[in-house]
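Note sheet for the following structure.
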Number of protein chains: 2
Amino acid sequence: MRNRGFAETSLRTITGAAGVNLAAVNYHFGSKKALIQAVFVRFLDPLVAEVERRLTDMQQSKDHLSVEDLLQLLTQSVYDIHGKGSNRATAFMRLLGLAYTQSQAHLRRFIGERYGEAFQHYVAHLKPALPGATAADLFWHTHFALGTAIFTMSNFDALRAMSENDTGSRTPVDFIVSRLTAFMAAGLHNAAHE
Amino acid sequence: MRNRGFAETSLRTITGAAGVNLAAVNYHFGSKKALIQAVFVRFLDPLVAEVERRLTDMQQSKDHLSVEDLLQLLTQSVYDIHGKGSNRATAFMRLLGLAYTQSQAHLRRFIGERYGEAFQHYVAHLKPALPGATAADLFWHTHFALGTAIFTMSNFDALRAMSENDTGSRTPVDFIVSRLTAFMAAGLHNAAHE
DNA sequence: GTAAGTTTCAAACACTTGTTTGTGTCCGGT
DNA sequence: ACCGGACACAAACAAGTGTTTGAAACTTAC
């Protein structure tokens, strides 16, 4: 239905599709930037809460968390919070991609301020799972993995269309997610040991 | 100097920085889309020619090309064609990122039509280096690797600023490139064997 | 030197963007 | 019943976009 992003979609398109008046956005949120930030909050706040909850749960049942454990923890949290079948996750990931690629410095700053701590907390759990990595390795490899996920999700429809055009059959979401997590895990594991 | 992309930069900004008249773009190129496509052609045409040349050279000296060989072939080609020290490569990668994330369907179509064959040719060399991968694996893993590179390059300045903010020192370009290629190689290698 | 063709340039055009404005409508409290 | 705050709505606003225009300035050829 909506094959464009969000930040690049006009308020008239958004409000038109939602069936509300154009001025309602500025009345309730103040600005378009604030609206987008509210969308992020609505998605990320319950997600980081779920991740934190699972993180402490898993820490008590297992004494050592593997990279695969931590990655699956993320995907499972997204599934549980925002539903597996819906396209909310991919739509949001596309939006997250825009936050990085488009010149939306306000969003990157906002995300960093509000969720930087949670991100660092997650990375702290990732550190003992990658014993050979230095601090610089850890930073870059996690951002490589993050970039892989963001790029894939933000171009999800286009990539799937290309794949279908090549092979003739539509790739199931589960397959893509499993390939993606395997790719990220392999990159995180082996990049430092060469 | 220019911290925004290209497609999201107005013609008035571009022509103003270049010191030329606004109407010159439409006179010489016809439209802004054609201008952007011309930029891509100016960058990619010599690059794919260099890659093709190195591909046949390497094929004759070695009987089996490894993933690492093929990745280094790419980076070396970029360095040789467009210079190592300059920021042309990162500027272009940012532009390439926009071609995917922004709703610039015309650019994706243009790139696919003009360079799809060269891409397939490169992937064909990658296939024997990854014996365990199916066709679907190959498609998705190569696009994962492509996405990692595009995301990293298109957010190069922001990531480096974050890293400098964390560690206190600026990461050398060579280090990032070596970490990036190692990450991509590990992902390509090991993602299929689990 | 003049004519024809090409390129430059400022101005205007048509359009879209996010935001604001002023009026109207609803609804709960006294 | 009526007042007052909260909301909805159409219209206008200011600023920005890519593109077109028409007249100058230059270049080339005869």
Q: Only residues that are surrounded by fewer than 19 Cβ atoms within 10 Å (Cβ to Cβ) and without any contact (Cβ under 8 Å) to a residue 12 or more places away in the chain: list them for the stretch B:122-142, please.
A: B:124, B:127, B:131, B:135, B:136
Q. Can you name every residue in the stretch B:70-94 that is assigned to a helix (DSSP H, G or I) and without any contact (Cβ under 8 Å) to a residue 12 or more places away in the chain?
A. B:79
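Inspect all residues belonging to the stretch A:39-59 and state whether any of them is part of a helix (DSSP H, G or I), within 14 Å of chain B (Cβ to nearest Cβ) and modelled with pLDDT under 95. Talk me through it step by step, then tell me what you get.
So the first thing to find is which residues in the stretch A:39-59 are part of a helix (DSSP H, G or I), and the list is A:39-59.
Of the ones still in play, those that are also within 14 Å of chain B (Cβ to nearest Cβ) are none.
No, there is no match, as no residue in the stretch A:39-59 is part of a helix (DSSP H, G or I), within 14 Å of chain B (Cβ to nearest Cβ) and modelled with pLDDT under 95.
Tell me yes or no: at least one residue of the stretch A:74-95 is in contact with an Asp or Glu (Cβ under 7 Å, 6 or more places away or on another chain), more than 11 Å from chain B (Cβ to nearest Cβ) and hydroxyl-bearing (Ser, Thr, Tyr). So that I can check it myself, show each step before the final result.
Pass one, the stretch A:74-95, residues in contact with an Asp or Glu (Cβ under 7 Å, 6 or more places away or on another chain): A:77, A:80-81.
Keeping just the survivors that are more than 11 Å from chain B (Cβ to nearest Cβ) gives A:77, A:80-81.
Filter once more, keeping what is hydroxyl-bearing (Ser, Thr, Tyr): A:77.
Yes - at least one qualifying residue is present in the stretch A:74-95.
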**Q.** Residue pairs meeting the criteria (Cβ under 7 Å; at least 6 apart or on separate chains; first in contact (Cβ under 8 Å) with a residue 12 or more places away in the chain, in the stretch B:159-173; second surrounded by fewer than 13 Cβ atoms within 10 Å (Cβ to Cβ) and in a loop (DSSP other than H, G, I, E, B))
**A.** B:160/B:170
Q: Considering only residues that are part of a helix (DSSP H, G or I) and without any contact (Cβ under 8 Å) to a residue 12 or more places away in the chain, look in the stretch A:25-34 and name the one that is farthest from DNA strand C (Cβ to nearest atom).
A: A:28
(Q) Please go through the stretch A:135-156 and give me each residue that is within 7 Å of chain B (Cβ to nearest Cβ) and polar (S, T, N, Q), ordered by number. (A) A:148, A:152, A:154, A:155
Q. Would you pick out the residues in the stretch A:12-52 that are more than 20 Å from residue A:105 (Cβ to Cβ), surrounded by 14 or more Cβ atoms within 10 Å (Cβ to Cβ) and either polar (S, T, N, Q) or within 16 Å of DNA strand D (Cβ to nearest atom) (or both)?
A. A:14, A:15, A:25
Q | Filter pass, residue B:9 being within 16 Å of DNA strand C (Cβ to nearest atom) and within 14 Å of another protein chain (Cβ to nearest Cβ) | A | yes
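Filter the stretch A:174-183 down to the residues that are in contact (Cβ under 8 Å) with a residue 24 or more places away in the chain and more than 7 Å from chain B (Cβ to nearest Cβ) and list them by number. First the steps, then the outcome.
Of all residues in the stretch A:174-183, those in contact (Cβ under 8 Å) with a residue 24 or more places away in the chain come to A:176-177, A:180-181, A:183.
Result: A:177, A:181.
The values are calculated or read from the model by the stated rules, or taken from the named source; none is laboratory data. Please read these numbers as outputs of a predicted model, since none were measured by experiment. As a convention, Cβ positions derive from the backbone with ideal geometry for all residues, glycine included, and neighbour counts pool all protein chains shown.
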